[in-house]
Amino acid sequence: DRESEAGGVAVVGLGRFGGQLAGALIRLGHEVLAIDRNADLVQRWSDQLDRVVQADATDEDALRQVGISDFRRVVVAIGASVEASVLTVLAMVELGVAQVWARATSEKHAKILAAVGAHHVIFPEAETGERVAHLIVTRMLDFI
Ligand code: ATP
């Protein structure tokens, strides 16, 4: 119900990024609904996450059936397929999700995500690369 899902987050895509994100949210005490179209991944994550469902997240009816409208926050963690990522974000926006976070793999991908209504666009690979560069430089200064 709406009350219990208020602090919950739905995560679409249980790849390396989405899987780690979902696990971290659980450890932070949030309810997580995870969605992936891959049955093997759904099976693998089912004992670590509260709710893991197999569904095609580009399908608005399927999202409605899993109760996505009860979630104020959704993270679209699909990276490789720009089409699946964009169609999923569009479906979330159409369903009225208040905060859609979307993973982009390029600047153009990010522009499309923003154009279809994503509220926050994230670049996990670029952000990690940048952070590690700073870490290396800081550590190097430690030895001067
Ligand atoms: P990562 O880098 O996080 O490992 P990836 O880029 O290798 O991810 P992706 O193709 O981005 O892999 O897919 C991430 C996950 O999203 C996969 O587990 C995939 O099954 C899932 N996924 C892709 N498209 C859909 C979709 N339309 N509906 C639901 N899940 C999807």
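Look through segment 124-144, keep the residues that are surrounded by fewer than 17 Cβ atoms within 10 Å (Cβ to Cβ) and under 18 Å from the mean Cα position of the chain (by Cα), and return whichever of them is nearest to the ligand (Cβ to nearest atom).
Restricting attention to segment 124-144, the residues satisfying the condition of being surrounded by fewer than 17 Cβ atoms within 10 Å (Cβ to Cβ) are 125-144.
Now drop any that are not under 18 Å from the mean Cα position of the chain (by Cα), which leaves 125-128.
On the way: 125: 8, 126: 13, 127: 13, 128: 11 Å.
Filtering first and then ranking leaves 125.
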Number of the exception - residue 52 against (1) over 16 Å from residue 102 (Cα atoms); (2) within 14 Å of the ligand (Cβ to nearest atom); (3) not in a strand (DSSP E or B): (3)
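Checking the conditions here, which among 54, 43 is more than 21 Å from residue 7 (Cα to Cα) and surrounded by 15 or more Cβ atoms within 10 Å (Cβ to Cβ)? Please lay out each step first, then the result.
Details: 43 fails: surrounded by 15 or more Cβ atoms within 10 Å (Cβ to Cβ).
Among 54, 43, only 54 is more than 21 Å from residue 7 (Cα to Cα) and surrounded by 15 or more Cβ atoms within 10 Å (Cβ to Cβ).
If you take the residues of segment 26-36 that are surrounded by fewer than 20 Cβ atoms within 10 Å (Cβ to Cβ) and in contact with a Gly (Cβ under 9 Å, 6 or more places away or on another chain), which of them is farthest from residue 97 (Cα to Cα)?
Going through segment 26-36, the residues surrounded by fewer than 20 Cβ atoms within 10 Å (Cβ to Cβ) turn out to be 26-31.
From the residues that got through so far, the ones that are in contact with a Gly (Cβ under 9 Å, 6 or more places away or on another chain) too are 29-31.
Numbers: 29: 21, 30: 17, 31: 16 Å.
Here the answer is 29.
Checking the conditions here, which among 96, 13 is on the phi > 0 side of the Ramachandran plot and under 13 Å from the mean Cα position of the chain (by Cα)? Show your work before the answer.
On the way: 96 fails: under 13 Å from the mean Cα position of the chain (by Cα).
Matching residue, one of 96, 13: 13.
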Residue 85 versus (1) more than 9 Å from the ligand (Cβ to nearest atom); (2) under 27 Å from residue 111 (Cβ atoms); (3) assigned to a helix (DSSP H, G or I): which is the lone unmet condition? (1)
Neighbours by Cβ (under 6 Å, 6+ apart or cross-chain): first from segment 7-20, closer than 15 Å to residue 123 by Cα and outside any strand (DSSP E or B); second at pLDDT below 95 and more than 7 Å from the ligand (Cβ to nearest atom): 17/124
Which of (1) in a loop (DSSP other than H, G, I, E, B); (2) away from the ligand (no atom under 11 Å from the Cβ) does residue 58 not meet, given it meets every other one? (2)
Do you know which of the residues in segment 61-82 that are more than 9 Å from the ligand (Cβ to nearest atom) and part of a loop (DSSP other than H, G, I, E, B) is surrounded by the most Cβ atoms within 10 Å (Cβ to Cβ)? 71
Within segment 5-22, can you find the residues that are at pLDDT below 95 and crowded, with 17+ Cβ neighbours inside 10 Å? 5, 8
Do we have residue 87 as closer than 24 Å to residue 63 by Cα and either surrounded by 13 or more Cβ atoms within 10 Å (Cβ to Cβ) or more than 14 Å from the chain's Cα centre (by Cα) (or both) here? yes
Residues (within 22 Å of residue 14 (Cα to Cα), assigned to a helix (DSSP H, G or I) and not aliphatic (A, V, I, L, M)) located in segment 90-144: 109, 124, 125, 127, 128, 129
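The values are calculated or read from the model by the stated rules, or taken from the named source; none is laboratory data. The structure presented is a predicted model; accordingly, all values stated were derived computationally and were not measured. We place every Cβ from the backbone using ideal geometry, glycine too, and count neighbours over all the protein chains shown.
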